[in-house]
Amino acid sequence: MTNPKDWQAGVTGRVAEAVRRFREERGMSAQDVAAACAKLGYPIARNVIANLENGRRSSVDVAEVLVLAKVLGVPPVVFLVPLGEVGEIELLPGSMHSTGDALQWVCGEQMPDHEPADDLELRFQEVRFYNETLHGLQKTIGSSEEYRRKVATARDAATREANVKLVNQFDEIIGDYSQEIQARRSTMRRRGITPPALPSELAYLDLSHHDDWGHVSEETPDASGSQPSADEEI
């Protein structure tokens, strides 16, 4: 059976190697990383980072993993699962798993024994689908805003008209996404799952009743160049 301390050292070693690799890829010194950690609100001294990378630390705590991941601009999971570096890891003491299976477990997609754990699988599934929908909504809003700006700066009627049509199409999709977001949040609550907090600009989607799903970020001229009234949907 694997010695627990050896397994712990292996986990710490994976974190240390990832910190060193991403730090060097970003051209940061240990002092740069330490300064960034302090600025983030959780100081990690330069010598602590150096000792971690040099193997002189036997453990690393969760708070350090989260802060270092933020500073280095990577998801925390890459500190635990060295994707693309090795094919398998000792995920738990004496238990070898492929990095693919390890990633699924750490990300909540699948248990290492492939057995669901009570209602956790349902929770992860609901939140995952919700996040995908929210990402789609935010991306579509960004596209709508981009074409609204193009409408405002169009130099000819044909270009303006084409961009207005695109804005309208994006806003229809935004309406569909908005209704899906509210439906998913309602479903999660019925199942006893607290939905993730919404971005402040989308907080209106959490209202129990919402009659107007239109996305109105700013006034947009119609194809003729006139501005819609405040109560008029684009």
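See the values below:
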item	result
Criterion: more than 24 Å from the chain's Cα centre (by Cα) and of a type in the set (A, V, I, L, M) - qualifying residue of Leu52, Leu72	Leu52
Long-range neighbours under 6 Å by Cβ, at least six apart or interchain, first residue open to solvent by 60 Å² or more (accessible area, probe 1.4 Å) within the range 176-204, second outside any helix (DSSP H, G or I) and of a type in the set (Ser, Thr, Tyr)	none
Residues of the range 1-54 satisfying the condition of being among the polar types (S, T, N, Q) and within 19 Å of Glu90 (Cβ to Cβ)	Thr2, Asn3, Gln8, Thr12
Criterion (open to solvent by less than 70 Å² (accessible area, probe 1.4 Å), in contact with a Lys or Arg (Cβ under 8 Å, 6 or more places away or on another chain) and under 30 Å from Glu201 (Cβ atoms)) met by exactly one of Tyr130, Tyr147	Tyr130
Residue ID - most open to solvent (accessible area, probe 1.4 Å), chosen from residues in the range 1-41 that are in contact (Cβ under 8 Å) with a residue 60 or more places away in the chain and of a type in the set (A, V, I, L, M)	Met1
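The values are calculated or read from the model by the stated rules, or taken from the named source; none is laboratory data. Keep in mind that this is a model prediction, so the values were computed, not measured. Reconstructed Cβ throughout: ideal geometry from the backbone, glycine too, with neighbour counts over all protein chains shown. Protein only, heavy atoms only, side chains kept; ligands, DNA and RNA dropped before computing areas. Shrake-Rupley method; radii C 1.70, N 1.55, O 1.52, S 1.80 Å.
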